[in-house]
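Below you'll find the structure, written out as structure tokens, and then a few comments.
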């Protein structure tokens, strides 16, 4: 049995898969806030209760909103900031008395969708999450690339690219948005779910939307003001993704997170990115995740089932997570 846990900003989910990747059990609970000890307790409780329910013990992988430092082994770069500086892998392993494998949640998402999801059989895949934060992972030639700094795919903490042709439009306006990471004007501060709503409320002071999901629904319903703001968001997303395409040139970009449910993104992005990509065409395919907002937890289950010969952690002898499709 393979167990995967997705530790998100608002929810923590566990899934149990059998050896054929068929779902045996799934449970989702609210994520603890600002409490590291309660985070450990929540994950532990989910694992123990799942194993008791199914009557068997599983391997365990955990997707986290951050990364493990190659230098210290402690959590870094987490937008759930109470995780930073803790030895989460060791603490979970000690509490649960078994090996635990950790990876960034966007890496787990990318692993899932590249292995048996929307990007199955693609040679190069950039997986992105547009949710509480903005993350990414890069899968190439059957391996999930991590990099010597364990930050491959972290496009959300590059500065939002400028559009010099639109200096006087709202899509160009930036007001030194402060990111939790300490930098200014990160892509995440414009494209994440909370930022999506925040900038819309500034765009339309009469707006009554109270959630990113409500705003996304208004866009799909083609409400005029929401559609106008959508063009602003689309342009920011296209500028940001054009940098990814110019550098990595992935065959597929697969989308997860709450904002991936905006259906028209997939028809609009090819022409929107064409304005910025350094090419005479954009052949990259934009696809919604096959497994939706549960893809990350499936990837964590895949991660946990890999043996140490197949999973080489950053800072050792390789910087890739090897995987094979079922």
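FYI, it's all coordinate maths here, none of it is from the lab. These numbers come from a predicted model, not from an experiment. Cβ atoms come from the backbone with ideal geometry, glycine included; neighbour counts cover every protein chain shown.
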Original post:
Restricting to the range 14-113, what percent of DSSP beta bridges are antiparallel, rounded to 5?
Top reply: 60 percent
Original post:
Pairing the Cα long axis of helix 105-116 with the longest principal axis of the chain, what angle in degrees results, from 0 to 90 and rounded to the nearest 10?
Top reply: 80 degrees
Original post:
Fully extended, how many nm does the chain gain between residue 141 and residue 204 (0.36 nm per residue separation, minus their Cα-Cα distance)?
Top reply: 18.2 nm
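Report the extension gain between residue 177 and residue 290 in nm, rounded to one decimal, defined as 0.36 nm multiplied by the number of residues separating them, less their alpha carbon distance. If you can, show how the numbers build up before the last one.
Values: separation 113, 0.36 × 113 = 40.68 nm, distance 3.27 nm.
Here the answer is 37.4 nm.
How big, in percent, is the set of alpha carbon pairs in the chain lying more than 25 Å apart? Before the final figure, lay out each step's value.
On the way: 25936 of 52975 pairs.
Above the 25 Å cut-off, the chain has 49 percent of its Cα pairs.
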**OP:** Give the calculated FRET efficiency between residue 22 and residue 120 to the nearest 0.05, with a Förster radius of 25 Å applied to their Cβ-Cβ distance.
**Re:** 0.95
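Rounded to the nearest 5, what % of the DSSP beta bridges within the chain are antiparallel ones?
On the way: 31 of 49 bridges.
Counting DSSP beta bridges with both partners in the chain, the antiparallel share is about 65 percent.
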**OP:** Could you tell me the convex hull volume per residue, in Å³, taken over the Cα atoms of the range 25-109?
**Re:** 98 Å³
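Quick one: of the DSSP bridges fully inside the range 121-289, what percent are antiparallel, nearest 5? The partial results should precede the final answer.
Working: 12 of 21 bridges.
Within the range 121-289, antiparallel bridges account for around 55 percent of the total.
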Original post:
Sorted from largest down, what three extents in whole angstroms do the Cα atoms of the range 121-289 have along their principal axes?
Top reply: 49, 34, 30
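What percent does the relative contact order of the chain come to when contacts are Cα pairs within less than 8 Å and at least six residues apart?
Answer for the chain is 23 percent.
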**OP:** Please find the FRET efficiency linking residue 267 to residue 225, where r is the Cβ-Cβ separation and R0 is fixed at 25 Å, and quote it to the nearest 0.05.
**Re:** 0.75
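Let me know the whole percent of all Cα-Cα pairs from the range 60-199 that are separated by more than 26 Å.
Working: 3136 of 9730 pairs.
I get 32 percent for the Cα pairs in the range 60-199 exceeding 26 Å.
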Original post:
Between Rg and the Kirkwood Rh of the range 40-84, both from Cα atoms, what is the Rg to Rh ratio?
Top reply: 1.10
**OP:** Using Cα pairs closer than 8 Å and at least 6 residues apart in sequence, work out the relative contact order for the range 121-289, in percent.
**Re:** 25 percent
